[in-house]
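Q: The structure under discussion is supplied below as structure tokens; questions concerning it will follow.
Here, each number is a calculation from the coordinates, and none is a lab measurement. Computed from a prediction, not measured in an experiment: that's the story for all the values here. Cβ atoms come from the backbone with ideal geometry, glycine included; neighbour counts cover every protein chain shown.
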Amino acid sequence: MRSWTRIFRGKSALVTGGLGFIGSNLARTLLGAGAKVTVVDSLQPEYGGRRRNLAGLSGRLAVHIADIRDGRRMAGLVKGKDYVFNLAGQTSHWDSMEDPMTDLDINCRAQLSLLEACRRHNPEVRIVFASTRQIYGKPERLPVREGHPLRPVDVNGINKLAGESFHLLYARVHGMRASALRLTNTIGPRMRVKDGRQTFVGVWIRCLVEGRPFEVWGGDQRRDFTYVDDAVEAFLLAASRPEADGQVFNLGGPPPVSLIELAEVLVEANHGGSFVIKAYPADRKKIDIGDYYADFSLISSRLGWRPRTDLRTAVSRTLAYYRRELPHYL
Ligand SMILES: NC(=O)c1ccc[n+]([C@@H]2O[C@H](COP(=O)([O-])OP(=O)(O)OC[C@H]3O[C@@H](n4cnc5c(N)ncnc54)[C@H](O)[C@@H]3O)[C@@H](O)[C@H]2O)c1
């Protein structure tokens, strides 16, 4: 039994973005650990939330279809909770450049308003924020450590950096128990596959399951991938350990791979399929971060977290899920 399992029994947890990819996997694990789970999600169609992600659980958890930008509603939802797992967000880098004000409202302003709601109505609550490797921008050094300069290359990165900074500020100044995890590419069941707004890997998986070739843009870029169960464990460890309060931690994945290597692993795990290599589109290149992989030794040494799932297993499980479930995700 994992160290955090008993800690959540009977405790009440709010998961923002809980109908999304990582939030729904987290909500399921919390339920399994005996927590009383509430999720809040706006379910706007352009984002990654789906009722299907929590299918089969009706009656076992409370689902609120609401927007985290609605401060009054959020004040009511944070009251009485032991934990807030704060994952609601606009995730598309491209959309953040096309519609920067919406990204600002959700990833920056609403984060501050959620923290204010906690400070006023539930200052003892423990909060874990889903930050992102995007805030580093183009890495100067690899692997990237938490002390690396923060120079986001897009509006989403800037707003997520603000969201993370507010959480750490509220920990430092108001003594609140908030921490942040800088996630890297996360993959697994319930990830978005209908388009590339969350990650290109979702599109690749959809093409494989549909028996179509997929496109690899560039191909030499090296990246790391975290399996969703491992990411969920990091959230639970951060929430359950006081030494995480006020801290920020990188997550990472098993050895970094080039995108061509990843494509080959996917085709092999699928027992078939093909891909074509294309030049990286010039307009998107401007906000591409190139090679990225994290040094996650800080969370390993402080909280004992390490990714347990190798890439081949991660992609095999994800493919198996979408062979059954794809029609529900298009
Ligand atoms: N998936 C990754 O690889 C990755 C990498 C880095 C960081 N993250 C962060 O992790 C978090 C979860 O990402 P995900 O991959 O599960 O994405 P997702 O899109 O599947 O989940 C986000 C959820 O937030 C909800 N949401 C968006 N705006 C909202 C609002 N205003 N009010 C209420 N709900 C709202 C969406 O409906 C969606 O269900 C995000 O904050 C994201 O920035 C994810």
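Q: Where in segment 267-298 does the label zone of R212 land, with the point 7 angstrom along Cα→C-beta and an amide N cut-off under 14 Å?
A: Label zone hits: 274-276.
Q: Going by C-beta contacts inside 10 Å, put Y280, Y136 in order with the fewest on the left.
A: Y280, Y136
Q: While we're here: Could you pull out every whole DSSP H run in the chain that spans at least 24 Å of Cα extent along its own axis and averages -1.0 or higher on the Kyte-Doolittle scale?
A: Membrane-span-like by this criterion, though nothing is claimed about a membrane: 155-174.
Q: What are the residues whose amide H is under 5 Å from the amide H of R177, where those residues sit 5 or more places off or on another chain and H is modelled from the backbone?
A: I127
Q: Still on this structure: Among A279, G252, L208, which residue has its Cα positioned farthest towards the positive end of the charge dipole of segment 205-297, with +1 placed on the Cβ of Lys and Arg, -1 on the Cβ of Asp and Glu, and the dipole taken about the Cα centre?
A: Final value for the positive-end residue is A279.
Q: Further, regarding this structure: What is the packing order of peptides 58-64, 239-245, 91-97, 21-27, taking the mean over residues of other C-beta atoms within 10 Å and listing the highest first?
A: Highest to lowest by the protection proxy: 21-27, 91-97, 239-245, 58-64.
Q: Extending each Cα 7 Å along its Cβ direction at K194 and R284, get the distance between those two points in nm, one decimal.
A: In this crude spin-label approximation the distance works out to 1.9 nm.
Q: Another one. Can you list residues whose amide H is under 5 Å from V63's amide H, if they're 5+ apart or on another chain and H is modeled 1.01 Å from N?
A: Result for V63 returns V39.
Q: Taking Cα pairs under 8 Å and at least six residues apart, what relative contact order does segment 10-58 come out at, in percent?
A: 44 percent
Q: In straight Cα distance, which lysines are under 30 Å from K285, not counting same-chain residues fewer than 8 positions off?
A: Counting by Cα, and skipping residues close in sequence, K285 has these lysines nearby: K138, K160, K194.
Q: I'd like the antiparallel share, as a percent to the nearest 5, of DSSP beta bridges with both residues in the chain.
A: The answer is about 5 percent antiparallel.
Q: Let me ask another. Less than 15 Å Cβ to Cβ from K278, Lys/Arg counted +1 and Asp/Glu -1: what total charge do the surrounding residues give?
A: Summing Lys/Arg as +1 and Asp/Glu as -1 gives -1.
Q: A further question on this structure: Using a cut-off of 19 Å between alpha-carbon atoms, which aspartates and glutamates can reach K81, once sequence neighbours fewer than 8 places away in the same chain are excluded?
A: The qualifying aspartates and glutamates are D41, D67, D70, E116, E124, D245.
Q: Still on this structure, I have one more. Tell me which residues come under 5 Å, amide H to amide H, from G137 once H is placed; ignore anything under 5 positions away on its chain.
A: Residues meeting the criterion, in which the H sits 1.01 Å from N, are R151, V153.
Q: Here's another thing I want to ask about it. Just rank M101, M74, M191, fewest to most, by other beta-carbon atoms within 10 angstrom.
A: Listed from fewest to most nearby Cβ atoms, that is M101, M191, M74.
Q: If you take the alpha carbon radius of gyration of the chain and divide it by 2.2 N^0.38 Å, what ratio comes out, to two decimals?
A: 0.94
Q: Which shape class applies to segment 251-330: rounded if a/c is under 1.5, otherwise prolate when a/b exceeds b/c and oblate if not, where a ≥ b ≥ c are the square roots of the Cα gyration tensor eigenvalues?
A: It is oblate, given that a/c is not under 1.5 and a/b is not larger than b/c.
Q: How large is the dipole of the chain about the Cα centre if only Lys and Arg carry +1 and Asp and Glu carry -1, each at its Cβ, rounded to the nearest 20 debye?
A: Dipole of the chain, to the nearest 20 debye: 1120 debye.
Q: Ok, one more. Return the calculated 222 nm mean residue ellipticity for the chain, to the nearest 500 deg cm²/dmol, obtained by summing -39500 (n - 2.57) across DSSP H runs with n ≥ 4 and dividing by the residue count.
A: Rounded to the nearest 500, it is -11000 deg cm²/dmol.
Q: Hey, another quick one. Quick check: from the Cα gyration tensor, does segment 170-234 come out rounded (a/c under 1.5), prolate or oblate?
A: Here segment 170-234 falls in the prolate category.
Q: Of the candidates R52, R206, R190, which one comes out as most mobile in a Gaussian network treatment of the chain with C-alpha springs shorter than 10 Å?
A: Residue with maximal mean-square fluctuation among R52, R206, R190: R52.
Q: Counting other beta carbons within 10 Å of each residue's own, what order do T199, T16, T186 fall into, fewest first?
A: The most exposed by this proxy come first: T199, T186, T16.
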